[in-house]
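Participant: Let me give you the structure first, and then I'll get to my questions.
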Amino acid sequence: MAFTTQRKVRFQHCDPAGIVFYPRYFEMINSVVEDWFEEIVQQDFNHLHVESGTGVPTVSIDTQFFAPSRLGEILTFELAVQAVGRSSLTLQINAYCANQKRLTSCLTLVFMDLHSGKSMPWTDTMRQHFIVDNL
């Protein structure tokens with residue numbers, strides 16, 4: 001089952017026309033991933049990045065935009081795991097306003113040791129939360 005969360009389109013997300021400036025979507029996508037790690041994987045980014053010296057950088061992202069989002073709208077983001085590798089994780093995120101799809105993004109993260117810069121296998125504790133789902 002997909003992880004679902006909402007984001008309100010704020011002034012900070014918009015260009016002078018009052019629609020979301022596309023790089024701001026990537027910030028929203030990252031915040032959805034961060035929330036998913038904290039709420040579902042039970043590994044908040046402070047613990048991962050600061051306390052344990054590991055990270056989950058995005059190594060690939062492919063996004064299609066279907067319709068503009070406007071200031072004040074509430075976007076619903078759905079995150080689903082598409083594939084799990086030894087150290088990689090492919091996620092699909094869809095964003096909607098009401099029933100209108102606004103974007104689809106497929107991204108791949110890699111679990112890595114921040115000190116060496118090398119990938120490492122997912123821990124069993126994290127892997128148990130990676131349930132492959134198809135949106």
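Participant: Where the centroid of each part is defined by its Cα atoms, how far is the range 21-81 from the range 93-135 in Å?
Facilitator: One Cα centre to the other: 9 Å.
Participant: Also, I was wondering about something else. Check which residues have an amide H placed less than 5 Å from GLY85's amide H, if you skip close sequence neighbours.
Facilitator: Those qualifying (amide H under 5 Å, at least 5 residues apart or on another chain) are THR90.
Participant: Here is a follow-up. Under 5 Å between amide hydrogens, which residues at least 5 positions from MET120 or on another chain qualify, with H placed 1.01 Å from N in the peptide plane?
Facilitator: PHE111, MET112, ASP113
Participant: Let me ask something additional. Gain in length, PHE66 to ASP113, computed as 0.36 nm per residue apart minus the alpha-carbon separation, to one decimal in nm?
Facilitator: Contour length minus Cα-Cα distance gives 13.3 nm.
Participant: Could I ask something else about it? For Cα extents along the principal axes in Å, one of (1) 53, 30, 25; (2) 44, 29, 23; (3) 44, 33, 24 was computed from the structure I shared and the rest are decoys. Which label?
Facilitator: Answer by label: (2).
Participant: Taking the Cβ of PHE45 as the centre, find all other residues whose Cβ is under 9 Å away and add up their charges (Lys, Arg: +1; Asp, Glu: -1).
Facilitator: Spelling it out: positives minus negatives among the neighbours equals -3.
Participant: I would also like to ask the following. Assigning unit charges at the beta carbon (Lys, Arg +1; Asp, Glu -1) and nothing else, what dipole magnitude in debye, to the nearest 20, does the chain show about its Cα centre?
Facilitator: 400 debye
Participant: If packing is taken as the average count of other Cβ atoms within 10 Å, what order do 80-91, 25-36 fall into, highest mean first?
Facilitator: Put in order of decreasing packing, that is 25-36, 80-91.
Participant: How do SER105, SER60, SER119, SER69 line up, fewest other C-beta atoms within 10 Å first?
Facilitator: SER60, SER119, SER105, SER69
Participant: 5 Å is the cut-off here: which amide hydrogens, built 1.01 Å from N in the peptide plane, fall below it relative to LEU103, excluding neighbours closer than 5 in sequence?
Facilitator: Amide H neighbours of LEU103: PHE66, ALA95.
Values in this text are rule-based calculations from the coordinates and carry no lab data. Values in this document were obtained by computation on a predicted structure and should not be read as measured data. Neighbour counts run over all protein chains shown; Cβ positions are idealised from the backbone, glycine included.
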